[in-house]
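Asker: I am attaching a structure below and will ask some questions about it afterwards.
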Amino acid sequence: MNAAARPFRSVLYIPASNARAMEKASTLPVDAIIFDLEDAVAPDAKEEARGLLADALARHDYGARVKLLRMNGFDTDQAEADIAALGDLPADAILLPKVGSAEDVARLDRALGGSKLGIWAMIETPIGVLNAAQIAFAPRMEGFVLGTNDLAKELGSRARADRMPMQSSLQLALLAARAAGIVAIDGVYNAFKDDEGLRAECEDGRDMGFDGKSLIHPAQVAIANEIFAPSGEEVELARRQIAAYEAAKAEGRGVAVVDGKIVENLHVATAEVTLAKANAIAAMENAQ
Ligand code: COA
Ligand code: MG
């Protein structure tokens, strides 16, 4: 599962205890959904939520949206019941919280046995960040979601608009994801009525290299979709770079110049990724 083939601009959390929100999500223009059994569901509502989740997946058509199921971690007494309930559901992957090492992932991989589900990891603890590289290469691993609220709690850091205290963690996780060729999704922006703040944080995550943003409310979807998509100008520049490079090659040159900047084969590769992403987004939007 990679970002060029499938877009991951907007990844919306939905409490699996909320049947109405799960139904609504089948009509929202999101690229992926995290059906949550962990922190968004109260301890005495977990069992009911497993049933509501199975029911929602059976009844609603989520189309091309990627379906991730967030279970409770191995540090809780809910993990076993979650795996038993989730293994055969029609979804894409299980999202394992509080992953600390590749062994946590291997344990889930073994427990899933013949299930077709992939595995995603929440990177949200200091040990998870430090072991991000081994986690990214663990069995069935397809993507990381950054858990920035848990990370801030564990680090003892304060929320800052520039996210300076979070930088090393975000970048280590991203480096590991890119080394393994898996998806990387940035953490949530808690103030779901603050569009300006969300926009700035989406731009920050996009510029760093994340594929998209995890979201907590439908009001955040349009901004994430806009910011994590290549802009019209970027698509147009990518086309011109590819054309200029092809023309240069036909004349026996290995380097072209576009808008006063050199274009070599590595820039062409980036331009092709931009076009592939734009095409994947268009396909996603046509399917919705
Ligand atoms: N996914 C899908 N639909 C959602 C949603 C979500 N995460 N959050 C809200 N909605 C829906 C509501 O059901 C409501 O739909 P309706 O009016 O068509 O019935 C609509 O959006 C407006 O909701 P609103 O009244 O503004 O929000 P709220 O006060 O009911 O809920 C939150 C606010 C933050 C509690 C809620 O958005 C939420 O539970 N978010 C997810 C939290 C989560 O999963 N956290 C774990 C990871 S950090
Ligand atoms: Mg968490």
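Asker: Would you kindly work out the equivalent ellipsoid of the range 232-287 from its C-alpha gyration tensor and give its semi-axes, the square roots of five times the eigenvalues, largest first in whole Å?
Answerer: Values for the range 232-287, descending: 25, 10, 8 Å.
Asker: Through the Karplus equation 6.51 cos²θ - 1.76 cosθ + 1.60, θ set to phi - 60°, convert the phi angles of the range 223-235 into ³J(HN,Hα) values in whole Hz; use x for Gly and Pro.
Answerer: Here the 3J(HN,Hα) series is 5, 4, 4, 5, 6, 8, 9, x, 6, x, 5, 5, 5 Hz.
Asker: Based on the Cβ-Cβ distance of GLN167 and ILE262, what FRET efficiency does E = 1/(1 + (r/R0)^6) give at R0 = 30 Å, to the nearest 0.05?
Answerer: Computed FRET efficiency for GLN167 and ILE262 comes out at 0.50.
Asker: Show me 203-210, 106-113 ranked by packing, highest mean number of other Cβ atoms within 10 Å first.
Answerer: 203-210, 106-113
Asker: If you plug each phi of the range 86-96 into the Karplus form 6.51 cos²θ - 1.76 cosθ + 1.60 with θ = phi - 60°, what whole-Hz ³J(HN,Hα) values come out, in order, with x for Gly and Pro?
Answerer: The phi angles translate into 9, x, 9, 6, x, 8, 9, 7, 9, 9, 9 Hz.
Asker: Right, next: Please sort 75-84, 129-138 by packing, taking for each peptide the average over its residues of neighbouring beta carbons within 10 angstrom, highest first.
Answerer: Averaged packing, sorted descending, gives the order 129-138, 75-84.
Asker: In deg cm²/dmol and to the nearest 500, what is the mean residue ellipticity at 222 nm of the chain if only DSSP H runs of at least 4 residues count, each as -39500 (n - 2.57), divided by the residue total?
Answerer: -14500 deg cm²/dmol
Asker: If R₀ is 51 angstrom, what is the calculated FRET efficiency for the pair ASP194 and ALA54, using the beta carbon separation as r and rounding to 0.05?
Answerer: FRET efficiency, ASP194 to ALA54: 0.90.
Asker: What full-extension length gain, to one decimal in nm, is calculated for GLU80 and ARG240 as 0.36 nm per residue of separation minus the Cα-Cα distance?
Answerer: 52.3 nm
Asker: While we're looking at this one, here's another question. Can you list residues whose amide H is under 5 Å from PHE210's amide H, if they're 5+ apart or on another chain and H is modeled 1.01 Å from N?
Answerer: Close amide H contacts, sequence-distant or interchain: none at all.
Asker: Let me ask something additional. What are the lysines whose alpha-carbon lies under 29 Å from the alpha-carbon of LYS249, with same-chain residues fewer than 8 places away excluded?
Answerer: Cross-link targets: LYS261, LYS277.
Asker: How large a share of the accessible area of the chain, in percent, is made up of carbon and sulfur atoms when the probe is 1.4 Å and the other protein chains stay in place?
Answerer: 52
Asker: To continue, here is another question. Return the sequence-ordered ³J(HN,Hα) values of the range 254-260 in whole Hz as given by the Karplus equation 6.51 cos²θ - 1.76 cosθ + 1.60 applied to θ = phi - 60°, using x for Gly and Pro.
Answerer: Those phi angles translate into x, 9, 10, 10, 10, 6, x Hz.
Asker: From the P(r) of the range 10-227, can you give the percent of Cα pairs sitting at distances over 24 Å?
Answerer: Result: 38 percent of Cα pairs exceed 24 Å.
The values are calculated or read from the model by the stated rules, or taken from the named source; none is laboratory data. Because the structure is a prediction, the values reported are computed rather than measured. Note that we place each Cβ from the backbone using ideal geometry, even for glycine, and neighbour counts take in every protein chain shown. Protein only, heavy atoms only, side chains kept; ligands, DNA and RNA dropped before computing areas. Shrake-Rupley method; radii C 1.70, N 1.55, O 1.52, S 1.80 Å.
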